[in-house]
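Novice: The structure follows.
The values are calculated or read from the model by the stated rules, or taken from the named source; none is laboratory data. Since the structure is predicted, the reported quantities are computational estimates derived from the model, not experimental observations. Here Cβ is always computed from backbone atoms with ideal geometry, including for glycine, and neighbour counts include all displayed protein chains. These area figures cover heavy atoms from the full protein model, side chains too; ligands, DNA and RNA do not enter into them. Shrake-Rupley method; radii C 1.70, N 1.55, O 1.52, S 1.80 Å.
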Amino acid sequence: MFGAVLFLACFYLNGAEQVSYHLEILTYNIGDAGCDNCKIYAKVFSQKNKLGKVYSADLRQLDKPQHNEFRRDEWDFFHVRAEDVGIIECIELTSKSSNAIHINKVVISSTSHSLPTHMYNTAGKWLSTSSKSNHVSKLKLCAQGVEVYYITTKVTTAKKDSGSDSIHLTALIEGGEASTKTGYFEHERLDDFRKGALDTFVFRNLRGLHGVKCITLKAGGSDKLVLEWVKVESSTQPTVTFHNKALTALSSNKKEGTDSLKLCK
């Protein structure tokens, strides 16, 4: 009897049961996206339970001794023991380094819940302690749903120098009552947006929308890109094609074009 009471007392003092977490982290395939000497810390959060409570667990610093972590366009794998939060909904990454890292996606599971949770940096934020624009010291990523979007683009042939493989393009897809952000339009180790080319990009785990109404394309690179049309497809909604009738150029360089182009039905 005394032993059982002692066990329960230790359980409540020490917190929830310990489990193993498996993390997979991928950086973007753009310049300076990797960072070997960054100090990155992680914390996971559960889904809300019926009482509205959210549980969290500190995974501490993500570090593997004698190993170069967070290289550009490469996966890193971490195994961490921490308290069990149940079904994982979000992860918060904290930087304690002025050197920036550009994380693309995080996949996480645990020994108590083996189904992986996929989380994407759809806002395109850089993680660092720097005060530069689009840099944050804390980056919280959450599971956004199960919608998969297929976005096809056509680069026009009617304009000179219409293609670019360094435009760093992202998009905001708008529905009737909500919107969802994509990550970068990129294929690993392939040149995208060549003149006259059709490119299809797959974006997973984005928020489901009730009917796609508009798409806003945002250019992060100073090169010029002129798209003829953009087609948005998903597994649950009708296909929508948006035409750039004015053949407006996209570029972060105002002399070359606009850095934001909104197309609607």
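Novice: Identify all residues within the range 56-82 that are in contact (Cβ under 8 Å) with a residue 12 or more places away in the chain, of a type in the set (S, T, N, Q) and open to solvent by 80 Å² or more (accessible area, probe 1.4 Å); write none if there are none.
Specialist: Passing the criteria: only N68.
Novice: May I pose another question? What number of residues within the range 80-98 satisfy the criterion of being polar (S, T, N, Q) and under 16 Å from G124 (Cα atoms)? Break it down stepwise before answering.
Specialist: Narrowing the range 80-98 to residues polar (S, T, N, Q): 94-95, 97-98.
The next check asks that each one be under 16 Å from G124 (Cα atoms); those that pass are 94-95.
Matching residues across the range 80-98 total 2.
Novice: Only one of V202, V226 is surrounded by fewer than 17 Cβ atoms within 10 Å (Cβ to Cβ), of a type in the set (V, I, T) and touching a residue at least 24 places away in the same chain (Cβ under 8 Å). Can you tell me which?
Specialist: Values: V226 fails: surrounded by fewer than 17 Cβ atoms within 10 Å (Cβ to Cβ).
None of the others qualify; the one that does is V202.
Novice: Something else now. Would you please name the residue that is nearest to the chain's Cα centre (by Cα), looking only at residues in the range 194-216 that are of a type in the set (A, V, I, L, M, F, W, C) and more than 13 Å from S179 (Cα to Cα)? Steps first, answer last, please.
Specialist: The initial filter retains those residues of the range 194-216 that are of a type in the set (A, V, I, L, M, F, W, C), namely 197-198, 201-203, 206, 209, 212, 214-215.
In the following step, the residues that additionally are more than 13 Å from S179 (Cα to Cα) were identified as 197-198, 201-203.
Working: A197: 26, L198: 24, F201: 14, V202: 13, F203: 10 Å.
The extreme case among them is F203.
Novice: What tally of residues in the range 141-164 results from selecting those that are over 20 Å from the mean Cα position of the chain (by Cα) and in a loop (DSSP other than H, G, I, E, B)?
Specialist: To start, the set of residues in the range 141-164 that are over 20 Å from the mean Cα position of the chain (by Cα) comprises 153-164.
Now restrict to residues that are in a loop (DSSP other than H, G, I, E, B): 156-164.
The qualifying residues number 9.
Novice: For the range 83-104, name all the residues that are surrounded by 17 or more Cβ atoms within 10 Å (Cβ to Cβ) and hydroxyl-bearing (S, T, Y).
Specialist: Passing the criteria: T94, S95.
Novice: Continuing with the same structure: Considering only the range 120-140, state which residues are aliphatic (A, V, I, L, M) and either surrounded by 19 or more Cβ atoms within 10 Å (Cβ to Cβ) or touching a Phe, Trp or Tyr at 6+ places or on another chain (Cβ under 6 Å) (or both).
Specialist: The initial filter retains those residues of the range 120-140 that are aliphatic (A, V, I, L, M), namely 123, 127, 136, 139.
Passing the criteria: L127, L139.
Novice: Can you pull out the residues in the range 239-265 that are under 16 Å from A171 (Cα atoms), open to solvent by less than 40 Å² (accessible area, probe 1.4 Å) and not in a strand (DSSP E or B)?
Specialist: N244, A249, S251 - these are the residues of the range 239-265 that are under 16 Å from A171 (Cα atoms), open to solvent by less than 40 Å² (accessible area, probe 1.4 Å) and not in a strand (DSSP E or B).
Novice: Of the conditions (1) at pLDDT below 90; (2) open to solvent by 40 Å² or more (accessible area, probe 1.4 Å); (3) touching a Ser or Thr at 6+ places or on another chain (Cβ under 9 Å); (4) charged (D, E, K, R), D192 satisfies every one except a single condition; which number is it?
Specialist: Just one mismatch for D192, condition (2).
Novice: Test each condition in (1) over 22 Å from N104 (Cβ atoms); (2) open to solvent by less than 20 Å² (accessible area, probe 1.4 Å) for V232 and report the one that comes out false.
Specialist: Unmet condition: (1).
Novice: Here are some conditions: (1) hydrophobic (A, V, I, L, M, F, W, C); (2) in a loop (DSSP other than H, G, I, E, B); (3) modelled with pLDDT of 95 or more; (4) closer than 21 Å to N104 by Cα. F185 meets all but one. Which one does it not meet?
Specialist: In the conditions (1) hydrophobic (A, V, I, L, M, F, W, C); (2) in a loop (DSSP other than H, G, I, E, B); (3) modelled with pLDDT of 95 or more; (4) closer than 21 Å to N104 by Cα, F185 misses (3) alone.
Novice: Does L217 fit the bill of being within 28 Å of S46 (Cβ to Cβ), open to solvent by less than 30 Å² (accessible area, probe 1.4 Å) and touching a residue at least 40 places away in the same chain (Cβ under 8 Å)? Walk me through it before giving the result.
Specialist: Numbers: within 28 Å of S46 (Cβ to Cβ): no; open to solvent by less than 30 Å² (accessible area, probe 1.4 Å): yes; touching a residue at least 40 places away in the same chain (Cβ under 8 Å): yes.
No, not satisfied.
Novice: Are any residues in the range 162-189 over 19 Å from T248 (Cα atoms) and open to solvent by 30 Å² or more (accessible area, probe 1.4 Å), and if so, which ones?
Specialist: Applying the first criterion (over 19 Å from T248 (Cα atoms)) to the range 162-189 yields 174-184, 186-189.
Selection gives E174, G176, E177, A178, S179, K181, Y184, E186, H187, E188, R189.
Novice: Look through A158, A143, A197 and report the one residue that is of a type in the set (G, A, S), closer than 25 Å to K265 by Cα and open to solvent by 30 Å² or more (accessible area, probe 1.4 Å).
Specialist: The conditions single out A158.
Novice: Right, here's the next one. Can you find, within the range 38-48, the residue that is most open to solvent (accessible area, probe 1.4 Å) among those that are under 22 Å from S20 (Cβ atoms) and of a type outside the set (D, E, K, R)?
Specialist: First pass over the range 38-48, keeping only residues under 22 Å from S20 (Cβ atoms): 40-47.
Imposing the further condition that a residue be of a type outside the set (D, E, K, R) reduces the set to 40-42, 44-47.
Details: I40: 1, Y41: 62, A42: 3, V44: 0, F45: 34, S46: 7, Q47: 83 Å².
Per the criteria, the residue is Q47.
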